[in-house]
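This report refers to the structure that appears directly beneath it.
The values are calculated or read from the model by the stated rules, or taken from the named source; none is laboratory data. Everything quoted here is computed from the prediction, not taken from an experiment. Every residue, glycine as well, gets a Cβ built from its backbone with ideal geometry; the counts of neighbours run over all protein chains shown. Each accessible area value is taken on the protein alone, full model and side chains, heavy atoms only, with ligands, DNA and RNA left out. Shrake-Rupley method; radii C 1.70, N 1.55, O 1.52, S 1.80 Å.
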Amino acid sequence: MIEELLPATVVAVEAYGHDEPANARLYPEEEALLVKAVPKRRREFAAVRSCARRAMEKLGVPPQPVLPGERGAPRWPAGLTGSMTHCDGYCAAALVRATDLASLGIDAEPDGPLPDGVLPAVALPAELDRLLRLGRDHPGTHWDRLLFSAKESVYKAWFPLTGQWLDFSEAHIEFAVGTAGPVPDSGRGERLSGTFRAELLVPGPSVGGRRLGGFEGRWTVRRGLVATAVAVPHG
Ligand SMILES: CC(C)(COP(=O)(O)OP(=O)(O)OC[C@H]1O[C@@H](n2cnc3c(N)ncnc32)[C@H](O)[C@@H]1OP(=O)(O)O)[C@@H](O)C(=O)NCCC(=O)NCCS
């Protein structure tokens, strides 16, 4: 699912529910981070790292620990960049050679409405208006959750380029809709997917000597999940 949202140079490895490696091996330095972790965190941490190590192998890089760096951003082996996400029943890691992309961000969320009170905290007034219209045109889609996911992907792509916080109010997301065909047995008629543009409302990072005004992303809804991805090319 995630791979379809990213350029062909990106290697994405994902695992659904029971496919998740239950006892994925961890390195001692990763184990050390989990001393106080609840079982759910341990499971997700290990499963997504197993995906990341498979992606490293596919890129010809020996599997190695993935430790959190500044503000929790994953530290990748030299020459690679990437992003990880985990939620109930799903995890994914997407890696790419740093020569092929400047940065990337991925996010997956359960396909359901956001908890009460979250949308007003993450959406700009113009985004709320747009979500209302999208909800009228495509009522089966949880646009609030998609907006949240798109902003998470934006942050995960932004942070490695800047090392700085980006507030939910500092990027404006505009969705475009396409359909990726019918969903078998879903009872919901169509499987929606599309693109989005994240306009940065603060000065963007400089990539290839050019200051970025925004990021481009893709989104999809399927198998009980919403997923988004942002890829930042060089130059
Ligand atoms: C960090 C954050 C983006 C993680 O997203 P999430 O939906 O909660 O959780 P996910 O499972 O999808 O992603 C977790 C992974 O994100 C990655 N991550 C964490 N901090 C990160 C950062 N600063 N930069 C890039 N990736 C980061 C890690 O790989 C983490 O997995 P790990 O802890 O097992 O290593 C989120 O918790 C957060 O702090 N958001 C606030 C900032 C924001 O989104 N601003 C919106 C700008 S428009």
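For segment 1-133, the convex hull drawn through the C-alpha positions has a volume of 155 cubic angstrom per residue.
How much accessible area per residue does the chain have, counting only protein heavy atoms and a probe of 1.4 Å, in square angstrom?
48 Å²
Note on E70 and E4: the model spin-label points, each 7 Å out from Cα along the C-beta direction, lie 3.6 nm apart. In this simple spin-label approximation, R211 and Q164 carry label points 7 Å from Cα along the Cα→Cβ vector, and these lie 1.0 nm apart. If you wrap segment 60-116 in the convex hull of its Cα atoms and look at it from every side, the mean projected area works out to 5.6 nm². Convex hull volume per residue, computed on the Cα atoms of segment 98-235, equals 110 Å³.
Using the Cβ-Cβ distance between R41 and R223 with R0 set to 22 Å, the FRET efficiency from 1/(1 + (r/R0)^6) comes to roughly 0.45.
At q = 0.11, 0.16 Å⁻¹, what is the base-10 log of I(q)/I(0) for the chain according to the Debye formula with one equal point scatterer per Cα and no solvent? Please give it to two decimals. Values, matching the q order: -0.56, -1.18. What the phi angles of segment 82-94 give under the Karplus curve with 6.51, -1.76 and 1.60, with θ = phi - 60°, is a coupling list of x, 7, 9, 8, 8, 8, 3, x, 7, 8, 8, 10, 10 Hz, glycine and proline written as x.
Figure note: D144, D100, D107, D129 ranked by solvent-accessible area, largest first, 1.4 Å probe, ligands and nucleic acids not counted: D129, D100, D144, D107. For the chain, the carbon plus sulfur part of the accessible surface works out to 52%, probe radius 1.4 Å. Modelled spin labels at V177 and R197, positioned 7 Å past Cα toward Cβ, are 1.9 nm from each other.
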